[in-house]
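Colleague: Structure incoming, see below.
The values are calculated or read from the model by the stated rules, or taken from the named source; none is laboratory data. Quantities reported herein were computed from a predicted structural model and do not represent experimental measurements. Heads up, the Cβs are rebuilt from the backbone with ideal geometry, glycines too, and the neighbour counts pull from every protein chain shown. With ligands, DNA and RNA removed, areas are computed over all heavy atoms of the protein, side chains included. Shrake-Rupley method; radii C 1.70, N 1.55, O 1.52, S 1.80 Å.
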Amino acid sequence: MKQLLKALLPKSLIHMIRRSRQRVHDSRNVSRSAREVFSEIYREGHWGTRGDRGFCSGSGSANQTITAPYIEMITGYLNAVGRDKTVVDLGCGDLEIGRNFLDLCAEYVGVDVGVDVVPDLIEQHKSFFQGHNVRFLCMDIIEDSLPDGDICFVRQVLQHLSNEQIARILAKLRKYKVCFITEHYPTDNPGIVPNKDIVHGSRIRVYANSGVYLDKPPFRIPEDCLELVLEVPGAAGDGVYDRGVIRTYKVEHATSV
């Protein structure tokens, strides 16, 4: 039925309906903590479900066109730098991506973003991934101190947060020698408004012709500190919105790995 309505309704009307729905979500989420908001997202399956494992982090971890090149790139990198590193995966989610790296590092620390359902998610991960040098933590990466490590992954996490929340996380990432930050962007066009602020939740800026541009205000990471290491087509396209692109940047701090 949804697909039929999309085919029949003009795009301008669909945009208007979605903007109206988003305003309702924003008005509700603005006074709720990230813990409350993302708990609900997982609990109610806003990003989908995954069979016997239940929890799902969405198309960014399920679509092979998106995930396969990333897994190949990170696998090559971890093999190149040696397997004696501690990897911290901020926002490990359903672990469909992180599970590919468990044998490629000395320790894998999977961190989910402090949602109330994570204890169940973590216990599920432990049962599936016994025998690996793995720790799973439930913390608020906006408020809490981050775990120690050498290499950090932040994969399609920042795009769901406000600019103020992103800035607080970016400041903490300096403790890691190398960070791989992956975000969803609109296809390049003259109308893009970088870093349009949002209320934290399931939606992302790409639907408003924006994205998290780390070298632009208010973040201003120097351009020469950002190395674009991967770009793949996005999965937001549904005949209404541009599907955009998903870009991974490598950010090096202080001493390189």
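Colleague: Just to check, using Stokes-Einstein with a Kirkwood Rh over alpha carbon pairs, what's the diffusion coefficient of region 142-188 at 25 °C and 0.890 mPa s in µm²/s?
Modeller: Rounded to a whole number, D works out at 212 µm²/s.
Colleague: Net charge near Ala34, counting Lys/Arg +1 and Asp/Glu -1 over other residues with Cβ under 9 Å of its Cβ?
Modeller: -1
Colleague: Using packing as a proxy for protection, rank 90-101, 159-170, 190-201 so that the peptide with the highest average count of other Cβ atoms within 10 Å comes first. It would help to have the intermediate numbers written out before the result.
Modeller: Working: 90-101: 22.7, 159-170: 18.4, 190-201: 15.3.
Result, highest mean Cβ count within 10 Å first: 90-101, 159-170, 190-201.
Colleague: Please compare each pair in Lys216/Lys250; Lys175/Lys196; Lys196/Lys216; Lys85/Lys216; Lys175/Lys216 to a cut-off of 19 Å on the Cα-Cα distance and tell me which ones are over it.
Modeller: Numbers: Lys216/Lys250 16 Å; Lys175/Lys196 27 Å; Lys196/Lys216 11 Å; Lys85/Lys216 31 Å; Lys175/Lys216 22 Å.
Lys175/Lys196; Lys85/Lys216; Lys175/Lys216, as the Cα separations exceed 19 Å there.
Colleague: Rank by packing, highest mean first: peptides 223-234, 205-216, with packing defined as the count of other Cβ atoms within 10 Å averaged across residues.
Modeller: Peptide ranking by packing, descending: 205-216, 223-234.
Colleague: Please report the accessible area of Thr248 (heavy atoms, 1.4 Å probe, ligands and nucleic acids excluded) in Å², nearest 10.
Modeller: Near enough 0 Å² of accessible area.
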